[in-house]
Amino acid sequence: MDLRQTAYVVAVVDHGTFTAAAASIPVSQPALSQSIAALERELGTELFHRIGRQVVLTPAGEAFVDPARRMLRDAEVARSAVSQVAGLTSGRLDVVALPSLVVEPLVELVGRFRRLHPQVLVRLTEPEDAAAVATLVRSGQCELGLGDHAPDDRVLEADLLGQQSLLAVLPPGTPLSADRDLPVARLAQFPLITSPRGTSSRRLLGEALRQADPDADPRIGVVTEHREAIVPLVMAGAGAAVLPEPLARAAATLGAVVAPLSPPLRRSVVLVRRAGPLSPAARSFRELALASAGGEPDATDVS
């Protein structure tokens, strides 16, 4: 088994077919198929069920994929370590981030990183839910993850970058008290616009409402996977939302009523990584993130 064969298997998993995987590398489809077939003979079992043009992982294939991703990630770290004497003049950095953490702090961090290392490709991945941040880093599919809590996982480590406030975003014209703070319990009086269950913002909103009034029965007005639609839905009068401060402030410029919550609702911002050495690109990104947070490497570890 070699890294080339491992990369071919992972490409098929990521792209769904042998043809699409071959085009992504690029390599000829027959060469990719023959290489995987040779690997299957070496392992003594099939990794894929071939169903027409589609392929599905066998149980052995499912067991193979995560170690394969880690093998490729470790190989990339080793290659980068060898070349770092010449500086970060090439390479790739894969980062997974909760969508609500992209505007702040991820955009600024990626901008600073790219200005320092313009030859390094940065690939950003959106997780299906908050738990997927840890899953993608643990598997090696991404080297760093930006989430809202430190995973309880011995394989992973995390750095606390700071706290982010969440604010109420209400339809234009919504009356507020003189101090403009909105009691969390009052949110239950609005039809709420939320992302699906399992997402970070939905979880935080549910916890805050239960703490404010265990007997409250909040009304969910809209559940949407299209996070970019939440502010327009509020503006259209479909309900109220709770959003991170940068997104809430942007909504205020459009005419939405934005209010701090009472008691305040905040969440942690953490940078997740696998235990062990990082690639030079990931190490540089982590140092930038810690410097922005006012910390030093290893000084704010919350793993």
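None of the figures in this text is laboratory data; all of them are computed from the coordinates on show. If you're wondering where the values come from, they're calculated on a predicted model, not measured in any experiment. For neighbour counting, all protein chains shown are included, and Cβ atoms are generated from backbone atoms with ideal geometry for every residue, glycine included.
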For peptides 45-55, 166-176, sequence by mean Cβ density within 10 Å, most packed first: 166-176, 45-55
Potential lengthening between ALA31 and GLU228 on full extension [0.36 nm per residue; Cα-Cα distance subtracted]: 66.7 nm
Size of charge dipole - the stretch 164-266 - debye, nearest 20, with Cβ of Lys, Arg +1 and Asp, Glu -1, no other charges: 160 debye
Net dipole in debye of the chain [+1 Lys, Arg Cβ; -1 Asp, Glu Cβ; about Cα centre; nearest 20]: 580 debye
Length added when fully stretched, ASP2-ARG50, from 0.36 nm per residue minus Cα-Cα: 15.0 nm
Rough spin-label spacing in nm, given labels placed 7 Å along Cα→Cβ, for SER24 and ARG114: 2.2 nm
About the Cα centre, charge dipole magnitude for the stretch 49-190 (Lys/Arg +1, Asp/Glu -1 at Cβ), debye: 620 debye
FRET efficiency for GLU287 and ALA75, using Cβ-Cβ distance with R0 set to 30 Å, rounded to 0.05: 0.85
Estimated distance in nm for a label pair at THR253 and MET235, the labels positioned 7 Å out from Cα along Cα-to-Cβ: 1.2 nm
Sorted by Cβ density within 10 Å, fewest first, the residues VAL95, VAL234: VAL95, VAL234
Other-chain or far-sequence residues with amide H under 5 Å of VAL122's (modelled H): LEU93
Point-to-point label distance, LEU43-GLU245, nm (Cα→Cβ direction, 7 Å offset): 4.8 nm
